[in-house]
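Trainee: This structure is in structure tokens; I'll ask about it shortly.
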């Protein structure tokens, strides 16, 4: 085996380097200097991003590791998202009860990110599974980060239990694949897939394992509780980064490995998409807690992302990654505002708390409104374009009815997004949340998100780039 | 640079100016400058367009330009106008101009109000100059969403309910539209989103049969097609004055324009299959709207139902598919846009003084506010189709054109629809008699004042346009008739 090949895995290697540096800093930085950890984490991650900006195709270890150009673009996107999450975490990590363990937050987050990188560029089911686990187990620790809060502990327990369960199912599915095809290399499997019942079962088990991560109906039951209980920053991370990585991995494996069984998985996907979007939307209407609300919103967004998977074409791949980028910008903006308000008011996250927010905090309200409009798919914000392209991709592949159902669902989603806009702009309130200025890191991250929401759609270059790459 | 892009750039600059302005006076300054520029631009465009046509320009659309936007998906930013869109642009800029004056004293949050108002008008202008399905749809949605906040924040009555209902129903319509647009795009080969290009290709009949009703319904919701008109009365009644003006005056015209330009132009065979079904629905709109207006007691509701009836007439005339009736439909859009804006402006001004819109609580206003009252009478007369004002020209053309169809079904529909003229006269004259003449019912009203200068600007402008269109309709109907021709020749009888 050629050990030099490991040097080709730039993204993973440099991220590991960041991880080790952070670990050393966390160990050896004297207590008075510990506040430097936060800027250091951001700077190191930014450097990692710059070093890996150029997308390229890497195959190492006989195809076990296979990173396509579009996968490396996605890695950069996820890194940017993580950077934004780090910026948003700043205020929270200064709190008395979290300050002493801020290093752990960065280490855990970076290791989940590393796991996702492996998952995205896996060329072998074992590496895929390794990445999946690396992305999941530290996540459970992150969810319980506020360990003295009952909610947070409950959230962590629910998360780890369902994650373990899904991993078990996933592993079982892999073993069936190995049993019927005799290999776990992505490149070798397709030619040996013939669609026997056992292989179909393997497909279903594999899909269920990832569906837990993507929180698709009916594997979504952990989502709302976990999002509510987890620290807001972690919920944000969970809802965008981990979801984006899982969606991409799902599409890559379904088209690449299970390509010969497209007939089977497209039926399954149709069913899952329709139930996911519809049920999540109906439940979202009833939520008053904004974090639970965003949990259901993100479930339904995952349903829209799956439309691109369903298309199963290069066009679908481009629109999937584009959707993830836009979704990261919009969702992180919403979570940023929720986070800022929660930190400022010590825990107000009910919808009623936001009544009359526009009068006291017009800028935050505008950010939130733009982000919600983008999530709802209103032009000229980027969300409109990403939704349109996803619909277009699925329509092109002939799924007229599914697109139609998804479109009808956008009306329901518009309703509940408007409920928040209504609370902020229209609902009168005697005692609205007082005026306050957000911290500098939070402001930077919100600015980046807003810029993304406004610019990503109007400038067609981003999609163009993704399209060129997914053709390769 | 293309002159049509100015219609999008000016509102964008206005948005930036509004964002930067610090006081109410600055806001007003930006608005008046921008709205006047738009008005001047559209007048110039109309003159230029007529000049080019007289000089012998024969293309279907003039001032065309196209920039590739999303190359992999064949999405372009393409603009172009024909007589119909020129007329619509002129109408929109008149309404935006007068709407600015009609909301001169609006409180609170003046700046935010005009921000959303300008965004809405940008959507409208963008829609009318676009010839690309994607940008057209995008601007259509840009025009819809500000309505929610405009009604929800600055409206009156059951504003939250009305705003939500309006937004969701119209967005529901746009869901139909989106799938229809994708259907057209892939039906025509998936190589271009340009309207003119698609019109030259043939969409398979099977596709037309599925996607024609989707597109027609999608736009029809905005054009108050029965039974999807329910958003309109509540929405108009709750909206602030200028928003009602813009909405009934321009936004509802997007529906008719879209039905004609997208649904019927691109899918003529679908129109032949589905035309009769929709004709029945629009006939119901026309008659039902008129009768509903009779029983209302709220001035805005009366006018809103009257809008349903008159906008129904637009779709009705389009579906009659003769050259005359389609010209009439466009004339009706213009005429209804102007007179309904005038109506809503006057109702808003009267309501601002009396603080009631209930017909039963008002009386003798002619003595107290003669200027507004006379304006109201003129708007009413235009509405019921008095010769010399715009309503007569439009309705006459519509009904004559409709009767040119010589089969029983179309003629019966025409006859049924003409009854609305009589009913319109009933509710208009009754309201005019009740609130303007007779004794003053509420002694408090005696203290009220007549229109201020900014209100007079809005009212006089609109009356001039209504009368102008009524007295000299020929240049307008020539302008339109020319452009209706290529679309009509597409339709199969």
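The values are calculated or read from the model by the stated rules, or taken from the named source; none is laboratory data. Predicted model, so just to flag it, every value in this text is computed and none were measured. Virtual Cβ from ideal backbone geometry, glycine too; neighbours counted across all protein chains shown.
Trainee: Is it true that some residue in the range A:425-438 is at pLDDT below 90 and part of a helix (DSSP H, G or I)? Write out each step before concluding.
Mentor: So in the range A:425-438, the residues at pLDDT below 90 come out as A:425-438.
Narrowing the set further to residues that are part of a helix (DSSP H, G or I) leaves A:425.
Yes - at least one qualifying residue is present in the range A:425-438.
Trainee: Out of (1) more than 14 Å from chain A (Cβ to nearest Cβ); (2) in a helix (DSSP H, G or I); (3) at pLDDT 85 or above, the odd one out for residue B:101 is which?
Mentor: (3)
Trainee: Can you tell me which of B:168, B:178, B:225 is within 11 Å of chain A (Cβ to nearest Cβ), under 30 Å from residue B:283 (Cα atoms) and crowded, with 21+ Cβ neighbours inside 10 Å? Reasoning before the result, please.
Mentor: Working: B:168 fails: crowded, with 21+ Cβ neighbours inside 10 Å; B:225 fails: within 11 Å of chain A (Cβ to nearest Cβ).
It is B:178.
Trainee: Can I ask one more? I need a count of the residues in the range A:348-398 that are in contact with a strand residue (DSSP E or B) (Cβ under 7 Å, 6 or more places away or on another chain) and surrounded by fewer than 20 Cβ atoms within 10 Å (Cβ to Cβ).
Mentor: If we filter the range A:348-398 for residues that are in contact with a strand residue (DSSP E or B) (Cβ under 7 Å, 6 or more places away or on another chain), which is where we start, we get A:349-350.
In the following step, the residues that additionally are surrounded by fewer than 20 Cβ atoms within 10 Å (Cβ to Cβ) were identified as A:350.
Number of matching residues: 1.
Trainee: Step by step: first the residues of the range B:53-84, then only those that are loosely packed, with under 14 Cβ neighbours inside 10 Å and in contact with a strand residue (DSSP E or B) (Cβ under 7 Å, 6 or more places away or on another chain), then the one that is nearest to the other protein chains (Cβ to nearest Cβ). Which residue is that? Working first, answer last.
Mentor: At the first step, the residues of the range B:53-84 found to be loosely packed, with under 14 Cβ neighbours inside 10 Å are B:54-59, B:67-68, B:71.
Subsequent filtering for residues that are in contact with a strand residue (DSSP E or B) (Cβ under 7 Å, 6 or more places away or on another chain) retains B:67-68.
Numbers: B:67: 10, B:68: 8 Å.
Looking at the filtered set, the residue picked out is B:68.
Trainee: Could I ask something else about it? Among the residues of the range A:409-426, which ones are within 7 Å of chain B (Cβ to nearest Cβ) and over 24 Å from the mean Cα position of the chain (by Cα)? Working first, answer last.
Mentor: Restricting attention to the range A:409-426, the residues satisfying the condition of being within 7 Å of chain B (Cβ to nearest Cβ) are A:410-411, A:414-415, A:418, A:422, A:425-426.
Listed by number, the residues that qualify are A:422, A:425, A:426.
Trainee: So which of B:257, B:288, B:301, B:265 is within 27 Å of residue B:86 (Cβ to Cβ) and surrounded by fewer than 24 Cβ atoms within 10 Å (Cβ to Cβ)?
Mentor: Values: B:257 fails: surrounded by fewer than 24 Cβ atoms within 10 Å (Cβ to Cβ); B:288 fails: within 27 Å of residue B:86 (Cβ to Cβ); B:301 fails: within 27 Å of residue B:86 (Cβ to Cβ).
Criteria check complete, one pass: B:265.
Trainee: Keeping to the range B:467-484, report how many residues are touching a residue at least 24 places away in the same chain (Cβ under 8 Å), exposed (fewer than 14 other Cβ atoms within 10 Å of the Cβ) and part of a loop (DSSP other than H, G, I, E, B).
Mentor: Residues in the range B:467-484 being touching a residue at least 24 places away in the same chain (Cβ under 8 Å), exposed (fewer than 14 other Cβ atoms within 10 Å of the Cβ) and part of a loop (DSSP other than H, G, I, E, B): 0 in total.
Trainee: Determine whether residue A:11 is within 23 Å of residue A:84 (Cα to Cα), touching a strand residue (DSSP E or B) at 6+ places or on another chain (Cβ under 8 Å) and in contact (Cβ under 8 Å) with a residue 24 or more places away in the chain.
Mentor: On the way: within 23 Å of residue A:84 (Cα to Cα): yes; touching a strand residue (DSSP E or B) at 6+ places or on another chain (Cβ under 8 Å): yes; in contact (Cβ under 8 Å) with a residue 24 or more places away in the chain: yes.
When the stated conditions are applied, residue A:11 passes them.
Trainee: Among A:27, A:13, which is within 26 Å of residue A:127 (Cβ to Cβ) and either modelled with pLDDT under 90 or outside any helix (DSSP H, G or I) (or both)? It would help to see each step written out before you state the result.
Mentor: Working: A:27 fails: within 26 Å of residue A:127 (Cβ to Cβ).
Within the list A:27, A:13, the selection yields A:13.
Trainee: Scanning for something within 14 Å of chain A (Cβ to nearest Cβ), assigned to a helix (DSSP H, G or I) and surrounded by fewer than 17 Cβ atoms within 10 Å (Cβ to Cβ), does the range B:13-34 turn up at least one residue?
Mentor: Yes, some residue in the range B:13-34 is within 14 Å of chain A (Cβ to nearest Cβ), assigned to a helix (DSSP H, G or I) and surrounded by fewer than 17 Cβ atoms within 10 Å (Cβ to Cβ).
Trainee: Moving on. For the range A:126-239, list the helices (runs of 4 or more DSSP H) that sit wholly inside it and hold at least 3 residues that are under 19 Å from residue A:112 (Cβ atoms) and free of Cβ contacts under 8 Å to residues at least 60 places away in the same chain; which are they? Talk me through it step by step, then tell me what you get.
Mentor: Working: elements: A:150-181, A:189-192, A:197-214, A:223-229, A:232-237.
Per the criteria, A:150-181.
Conditions tested, residue by residue: (1) within 11 Å of another protein chain (Cβ to nearest Cβ); (2) crowded, with 24+ Cβ neighbours inside 10 Å; (3) part of a strand (DSSP E or B); (4) in contact with a helix residue (DSSP H, G or I) (Cβ under 8 Å, 6 or more places away or on another chain).
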site	(1), (2), (3), (4)
B:121	no, yes, no, yes
B:140	yes, yes, no, yes
B:143	yes, yes, no, yes
B:151	yes, yes, no, yes
B:160	yes, no, no, yes
B:163	yes, yes, no, yes
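Trainee: Does residue A:406 satisfy the criteria of being within 21 Å of the chain's Cα centre (by Cα), modelled with pLDDT of 90 or more, within 11 Å of chain B (Cβ to nearest Cβ) and surrounded by 22 or more Cβ atoms within 10 Å (Cβ to Cβ)? Break it down stepwise before answering.
Mentor: Values: within 21 Å of the chain's Cα centre (by Cα): yes; modelled with pLDDT of 90 or more: yes; within 11 Å of chain B (Cβ to nearest Cβ): yes; surrounded by 22 or more Cβ atoms within 10 Å (Cβ to Cβ): yes.
So residue A:406 fits the description; yes.
Trainee: Let me ask something else about it. Consider the range B:442-455. How many of its residues are under 12 Å from residue B:367 (Cβ atoms) and either surrounded by 14 or more Cβ atoms within 10 Å (Cβ to Cβ) or under 32 Å from the mean Cα position of the chain (by Cα) (or both)? Show your work before the answer.
Mentor: From the range B:442-455, those under 12 Å from residue B:367 (Cβ atoms) are B:445-446, B:448, B:450; that's our starting set.
Restricting the remaining residues to those that are either surrounded by 14 or more Cβ atoms within 10 Å (Cβ to Cβ) or under 32 Å from the mean Cα position of the chain (by Cα) (or both) gives B:445, B:448, B:450.
Number of matching residues: 3.
Trainee: Tell me yes or no: at least one residue of the range A:366-384 is in contact (Cβ under 8 Å) with a residue 24 or more places away in the chain, in contact with a helix residue (DSSP H, G or I) (Cβ under 9 Å, 6 or more places away or on another chain), farther than 21 Å from residue A:330 by Cα and within 12 Å of another protein chain (Cβ to nearest Cβ).
Mentor: Among the residues of the range A:366-384, not one is in contact (Cβ under 8 Å) with a residue 24 or more places away in the chain, in contact with a helix residue (DSSP H, G or I) (Cβ under 9 Å, 6 or more places away or on another chain), farther than 21 Å from residue A:330 by Cα and within 12 Å of another protein chain (Cβ to nearest Cβ), which makes the answer no.
Trainee: With the checklist (1) in contact (Cβ under 8 Å) with a residue 12 or more places away in the chain; (2) more than 9 Å from chain B (Cβ to nearest Cβ); (3) out of contact with any helix residue (DSSP H, G or I) (no Cβ under 6 Å at 6 or more places or on another chain) in hand, flag the one item residue A:432 doesn't pass.
Mentor: (3)
Trainee: Which one is farthest from residue B:164 (Cα to Cα), of the residues in the range B:125-135 that are under 16 Å from the mean Cα position of the chain (by Cα) and more than 10 Å from every other protein chain (Cβ to nearest Cβ)?
Mentor: Going through the range B:125-135, the residues under 16 Å from the mean Cα position of the chain (by Cα) turn out to be B:125-129.
When the remaining residues are screened for being more than 10 Å from every other protein chain (Cβ to nearest Cβ), the result is B:125, B:127-129.
On the way: B:125: 24, B:127: 23, B:128: 26, B:129: 28 Å.
Among those that are under 16 Å from the mean Cα position of the chain (by Cα) and more than 10 Å from every other protein chain (Cβ to nearest Cβ), it is B:129.
Every residue, every condition in (1) farther than 30 Å from residue A:283 by Cβ; (2) crowded, with 22+ Cβ neighbours inside 10 Å, yes or no:
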position	(1), (2)
A:168	no, no
A:175	yes, no
A:205	no, no
A:215	no, yes
A:224	no, yes
A:236	no, yes
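Trainee: A further question on this structure: Give B:464, B:458 a once-over and let me know the one that is in a helix (DSSP H, G or I), under 26 Å from the mean Cα position of the chain (by Cα) and touching a residue at least 12 places away in the same chain (Cβ under 8 Å).
Mentor: Just a single option satisfies the conditions, and that option is B:458.
Trainee: For the range A:278-288, check the following and say yes or no: at least one residue is in contact with a strand residue (DSSP E or B) (Cβ under 7 Å, 6 or more places away or on another chain), farther than 19 Å from residue A:388 by Cα, more than 14 Å from chain B (Cβ to nearest Cβ) and modelled with pLDDT under 90. It would help to see each step written out before you state the result.
Mentor: Step one: of the range A:278-288, the residues in contact with a strand residue (DSSP E or B) (Cβ under 7 Å, 6 or more places away or on another chain) are A:288.
Filter again for farther than 19 Å from residue A:388 by Cα, leaving A:288.
From the residues that got through so far, the ones that are more than 14 Å from chain B (Cβ to nearest Cβ) too are A:288.
Cutting the leftovers down to modelled with pLDDT under 90 gives us A:288.
Checked the range A:278-288: at least one residue is in contact with a strand residue (DSSP E or B) (Cβ under 7 Å, 6 or more places away or on another chain), farther than 19 Å from residue A:388 by Cα, more than 14 Å from chain B (Cβ to nearest Cβ) and modelled with pLDDT under 90.
Trainee: Next question, about the same structure. Restricted to the range B:182-213, and to residues that are within 13 Å of chain A (Cβ to nearest Cβ), closer than 21 Å to residue B:486 by Cα and under 26 Å from the mean Cα position of the chain (by Cα), which residue is surrounded by the most Cβ atoms within 10 Å (Cβ to Cβ)?
Mentor: B:193
Trainee: Quick check on my filter: what residues within the range B:51-77 are more than 14 Å from residue B:191 (Cα to Cα) and not in a strand (DSSP E or B)?
Mentor: Once the filter is applied, which keeps residues that are more than 14 Å from residue B:191 (Cα to Cα) and not in a strand (DSSP E or B), the range B:51-77 yields B:51, B:52, B:53, B:54, B:55, B:56, B:57, B:58, B:59, B:60, B:61.
Trainee: Which one of these is touching a residue at least 40 places away in the same chain (Cβ under 8 Å) and under 18 Å from the mean Cα position of the chain (by Cα): B:338, B:299?
Mentor: Numbers: B:299 fails: under 18 Å from the mean Cα position of the chain (by Cα).
None of the others qualify; the one that does is B:338.
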